[in-house]
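Novice: Have a look at this one.
The values are calculated or read from the model by the stated rules, or taken from the named source; none is laboratory data. Treat the numbers as computed from the prediction; the structure is a model and nothing was measured. Because the Cβ atoms are built from the backbone with ideal geometry, glycine has one as well, and the counts that use them run over all protein chains shown. Ligands, DNA and RNA are excluded from the accessible area calculation, which covers all protein heavy atoms including side chains. Shrake-Rupley method; radii C 1.70, N 1.55, O 1.52, S 1.80 Å.
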Amino acid sequence: MIKVRLLSIAAVLIGLVACGDAPPPAAGPQYSSKQAQSTGLHEYSFAVHPLHNPQKLDQLFSPMMAYITQRVPGARFQLEASSDYAAFEAKLKARSVAFSLPNPYHAVLARQWGHHVIAKMGNDADFRGIFLVRKDSGIKEPKDLIGKVVSYPAPTALAAAMMPQLYLQKHGVNVIKDLDNRYVGTHESSIMNVFLKQSSAGATWPPPWRVFQKTHPKEAAELFVAWETETMVQNAVLARDDISADVVAGVRKALSHMHEDAEGRAILAAIETPSMDLADDRDYDRVEKFLTEFRAAVRNP
């Protein structure tokens, strides 16, 4: 559930203005797995990690569910939201979702629970952490954050917590001892904490920041990107290992061809990616290397 009062403020503000190029919303996201309904279709849950508040997640990803449903015979895909990253991780561990779109950290973790990479979002150069600070903050370098509050969506948000924390550690800040680290639930809330002066810096990644700039230009004008991390492989699409090979193949095909038609391109534009690319577990081996370094230098996530 929402961890701080500011998150509710952020959710209301961002929910008021819909992204202009987003397809119309479909049915709302679900918080738990549902049994197949009497439609003649086999229903598959598709959990997307908490990139946004549930309303925004519904607006952006339910059209994708409709898109692949139209292209995979005999199947219906239902978006499933999670209250936070811990709840999302618990679903992967419990194997309660058929398909999922996690960040690279959870993509690696989920392999031991019987989920495997079948595709990923395109444009790996976009997967990087960024630090937002207020223009009137006087903060110029990472060490200026010592003794101050830094906000993040969640401890296991790879681009928006783990990668930024390793960046700070490498730039002379002892993340655990020198900072008041606050995990505030969503990317929007991390940004809003900075705007409302509840944190001196907020970590996020480019897509939520671009959405915030579009929907709240006045507030965004008071912030700037102070630093950014190196890049990493993009968010993955996973399939549980007991799902029919035909269904998995259908999902892979539908996703990887989205950029070829107008409907698919509109959905991709709304979720801030140029394509959905074919991928497998091996594409995420580099994440394992990062995690080894992160655990040794910062903390065990």
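Novice: Among the residues of the range 40-85 satisfying the criterion of being hydroxyl-bearing (Ser, Thr, Tyr) and out of contact with any strand residue (DSSP E or B) (no Cβ under 8 Å at 6 or more places or on another chain), which is most open to solvent (accessible area, probe 1.4 Å)?
Specialist: Here the residue is 83.
Novice: Here is a follow-up. Any chance you could count how many residues in the range 276-298 are over 25 Å from residue 61 (Cα atoms) and open to solvent by 40 Å² or more (accessible area, probe 1.4 Å)?
Specialist: Qualifying residue count, the range 276-298: 10.
Novice: Would it be correct to say that residue 249 is farther than 19 Å from residue 129 by Cα, at pLDDT 95 or above and crowded, with 19+ Cβ neighbours inside 10 Å?
Specialist: no
Novice: Another question about this same structure. Tell me yes or no: at least one residue of the range 292-300 is modelled with pLDDT of 95 or more and within 23 Å of residue 239 (Cα to Cα).
Specialist: no
Novice: Restricting to the range 152-174, count the residues that are among the hydrophobic types (A, V, I, L, M, F, W, C), touching a strand residue (DSSP E or B) at 6+ places or on another chain (Cβ under 7 Å) and within 19 Å of residue 193 (Cα to Cα).
Specialist: The total comes to 4.
Novice: If you check every pair at least six apart or on different chains, which have Cβ atoms under 8 Å apart with a residue in the range 43-66 that is at pLDDT 95 or above first and a residue that is hydroxyl-bearing (Ser, Thr, Tyr) and surrounded by 21 or more Cβ atoms within 10 Å (Cβ to Cβ) second?
Specialist: Between residues of the range 43-66 that are at pLDDT 95 or above and residues that are hydroxyl-bearing (Ser, Thr, Tyr) and surrounded by 21 or more Cβ atoms within 10 Å (Cβ to Cβ), the close pairs are 46/100; 47/82; 47/100; 48/100.
Novice: Pairs under 7 Å by beta carbon, first residue within 15 Å of residue 46 (Cα to Cα) and among the acidic types (Asp, Glu) in the range 76-88, partner outside any loop (DSSP other than H, G, I, E, B) and open to solvent by 10 Å² or more (accessible area, probe 1.4 Å), six or more apart or different chains?
Specialist: Note: pairs meeting the criteria are 80/30; 80/45.
Novice: Restricting to the range 140-173, name every residue that is in a loop (DSSP other than H, G, I, E, B), under 12 Å from residue 227 (Cβ atoms) and open to solvent by less than 10 Å² (accessible area, probe 1.4 Å).
Specialist: 173
Novice: Residues that are of a type in the set (D, E, K, R) and within 23 Å of residue 92 (Cα to Cα): list the helices (runs of 4 or more DSSP H) wholly contained in the range 201-284 that include at least 1 such residues.
Specialist: 245-256
Novice: Kindly indicate whether residue 176 is surrounded by fewer than 21 Cβ atoms within 10 Å (Cβ to Cβ) and more than 23 Å from residue 107 (Cβ to Cβ).
Specialist: yes
Novice: Across the range 179-202, which residue is surrounded by the most Cβ atoms within 10 Å (Cβ to Cβ) among those that are hydrophobic (A, V, I, L, M, F, W, C) and touching a residue at least 60 places away in the same chain (Cβ under 8 Å)?
Specialist: 191
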